[in-house]
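Data first, discussion second: the structure below is written as structure tokens.
Bear in mind these aren't lab numbers, they're just calculated from the coordinates by the rules spelled out. The shown structure was predicted, so the numbers you read here are calculated from the model rather than taken from an experiment. All Cβ positions, even for glycine, are placed from backbone atoms using ideal geometry, and neighbour counts span all protein chains on display.
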Amino acid sequence: MKTTDLNALYEAGRGKDRYQAPDFYGIDDLLSEEQILIRQSVRDWVKKDLSPIIEHYAQLSEFPRHIVSELGAVGAFGPQLPAEYGCGGMDYTTYGIIMQELERCDSGIRSTASVQGSLVMYPIYKFGSEEQRKKYLPKLASGEWLGCFGLTEPDHGSNPAGMTTHFSDQGDHYLLNGAKMWISNAPFADVAVVWAKNEEGVVHGLIVERGMEGFSTPETHNKWSLRASATGELVFQNVRVPKENLLPGVKGLKGPLTCLNSARYGIAWGALGAAMDCYDTAKRYAAERQQFGKPIGAFQLQQKKLSEMLTEITKAQLLVWRLGQLMDKGKATPAQISMAKRNNVEIALNVAREARQMLGGMGITGEFPIMRHMMNLESVVTYEGTHDIHLLILGMEITGENAFNG
Ligand code: TGC
Ligand code: FAD
């Protein structure tokens, strides 16, 4: 987009975002002063620099590439990773709070941040060599580089163990072949953390850089969801990957699944942000919109919708707050994370649908964020493990029985 058009969008949109976060149970009292300050700074940035442009980019189905360095500047990339690599050095609750502030504006922008922080930087930090950490993390934290995470394949989504992308040892380098699909950030990514099998069929992580011969990232078009986030494929045709680009610290599927724990945790906070924005929008609209001589908020049916939304939001807020405590103590289990991701995306979708109805015809327009949230959440309920897969993870935890294969 031309700078002049962008400036006009900012001018027209400034001051229009009137978001006020619901906090019915005083959960803010459970947060530290620092956490509240960080939240305020991200919220201010969102209101000033993201809200004015987001609807426009979503309508165009374009990724606002210029905000990547701004996301770096507000500390959205790897806030939970150590400061010595240019990251935030903060706790997991703060990470969750940041994801919530971003997704309250748009799930696609939170996607950009959670892929970068939890699926690209986290594996490099957790499983990478010291050289890899020093080479990649500061540039990813600042937003100078954008990363993506390649696990899903055209024929292997919920069952990544079946992946066919593979690499062979060629002495001084690896040769990588295969394809990944549905990859967030792919079309703009400078680096990709790619999961592939070696000659023995063991899964490893490789860092693939843009510009390596045989590596391409075609964009996925015609999405009705996450339109302000770029999605694409990763195609590897005899890509020579230097041996020092293999992540040395992990082998097996637990590598990518460990990263997903961190990202799914962030989504549990994030999706709740989308719900909070829908509720806040509907609440304000109910006070302002008059029908039959009264604000629609005076009708019992509309009050029922608002009451049920706030109840579900409050339960979800308590769930992620406690999960944040468990994450910080290193005690959160994958099944607990699945419960929070699954629950909070589900309540967000329900809140979005109810809120959209409360706005009547206006609810389907881009004048309000609700329809965009609703469409975005249809991706969020599918990626990082579908709604059904998280139910099965919980079911296995409860019963000890694996129902994935029947
Ligand atoms: P299974 O045999 O159960 O496990 C294989 C190994 O992994 C270990 N493990 C975990 N480790 C850490 N965290 C977890 N959550 C783990 N879950 C399992 C497990 O202990 C075992 O270790 P070991 O040492 O014994 O080898 O694996 P399975 O093949 O039966 O699959 C289990 C299943 C179905 C739950 C899993 O594959 C799954 O979660 N499927 C869903 C796939 C998924 O979530 N894909 C996400 C792709 S990334 C994405 O969507 C990004 S969207 C980004 C955005 O834009 O925000
Ligand atoms: P499938 O696995 O084919 O599932 C289809 C249906 O079958 C679902 O309803 C599922 O719940 C159900 N199902 C599957 N197995 C079972 C079972 N055992 N029991 C009962 N029901 C079952 N992936 C990445 O690696 N990196 C990314 O950055 C990334 N970003 C994404 C961005 C977007 C916008 C989208 C839509 C997806 C993204 N994904 C990414 C992929 C995402 O993780 C997968 O779409 C998801 O894991 C589901 O895989 P699938 O689409 O192949 O569906």
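General observations
- Candidates Leu175, Leu102, Phe215 compared by Cα position along the dipole of the chain: farthest toward the positive end lies Leu102, with charges placed on Cβ.
- In order along region 131-147, phi translates into HN-Hα couplings of 4, 5, 4, 5, 6, 9, 4, x, 6, 6, 5, 7, x, 5, 10, 10, x Hz, rounded to whole numbers, per the Karplus curve 6.51 cos²θ - 1.76 cosθ + 1.60 with θ = phi - 60° and x for Gly and Pro.
- Pair Glu131, Asn350: separation of 7 Å Cα→Cβ label points (nm): 5.3
- Antiparallel beta bridges, as assigned by DSSP with both residues in the chain, represent about 85 percent of the total such bridges.
- Considering only the Cα atoms of region 235-346, their convex hull presents on average a projected area of 11.3 nm².
- Taking a straight Cα-Cα cut-off under 23 Å and skipping sequence neighbours fewer than 8 places away in the same chain, the lysines within cross-link reach of Lys197 are Lys126, Lys180, Lys243, Lys251, Lys254.
- The local environment of Lys254, defined by Cβ-Cβ distances under 15 Å, has a net charge of +4 under the rule Lys, Arg +1 and Asp, Glu -1.
- In a simple Cβ point-charge model (Lys, Arg +1; Asp, Glu -1; nothing else charged), the chain has a dipole of about 760 debye relative to its Cα centre.
- Axis angle, to the nearest 10 degrees, between helix 254-288 and the longest C-alpha principal axis of the chain: 20 degrees.
- Taking a sphere under 14 Å around the Cβ of Thr94 and counting the other residues whose Cβ falls inside, with K and R at +1 and D and E at -1, yields a net charge of -4.
- Near Pro187: Cβ cut-off under 10 Å, other residues only, Lys/Arg at +1 and Asp/Glu at -1. The net charge is -1.
- Phe299 versus Asn159: modelled label distance in nm, points set 7 Å from Cα along the beta carbon direction: 4.9
- The chain has equivalent-ellipsoid semi-axes of 36, 23, 20 Å, by the square roots of 5 times the alpha carbon gyration tensor eigenvalues, sorted largest first.
- Straight-line cross-link partners of Lys305 among the aspartates and glutamates, defined as a Cα under 13 Å from its Cα and at least 8 positions apart when in the same chain: Asp280, Glu354.
- Region 197-278: C-alpha pair distances exceeding 19 Å, %: 60
- Between the helical axis of 92-103 and the longest alpha-carbon principal axis of the chain there is an angle of about 60 degrees.
- Ranked for footprinting exposure by Cβ neighbours inside 10 Å, fewest first, Arg18, Arg110, Arg227 give Arg18, Arg227, Arg110.
- Scaling against 2.2 N^0.38 Å puts the C-alpha radius of gyration of region 147-245 at 1.04.
- Inter-part distance where region 153-212 and region 230-308 are each reduced to a Cα centre, Å: 26
- By other beta-carbon atoms within 10 Å, ranking Trp321, Trp145 with the fewest at the front produces Trp321, Trp145.
- Gyration tensor (alpha-carbon) shape descriptor, region 11-52, a/c threshold 1.5: oblate
- Between Asn7 and Asp172, the C-beta separation translates, for a Förster distance of 56 Å, into a calculated FRET efficiency of about 0.65.
- Rounded to the nearest 20 debye, dipole of region 60-132 from Cβ charges on Lys, Arg, Asp, Glu: 140
- Unit charges on C-beta of K, R, D, E only; dipole of region 147-245, Debye: 360
- Share, in percent, of DSSP beta bridges within region 122-212 that are antiparallel, nearest 5: 70
- Considering helices alone, the calculated mean residue ellipticity of the chain at 222 nm is -15500 deg cm²/dmol, with DSSP H runs of length four and up weighted by -39500 (n - 2.57) and normalised per residue.
- Simple spin-label estimate for Glu213 and Glu244 in nanometres, 7 Å along Cα-Cβ: 2.0
- Under 19 Å from Lys331, Cα to Cα: aspartates and glutamates that are on another chain or at least 8 residues apart: Asp91, Glu397
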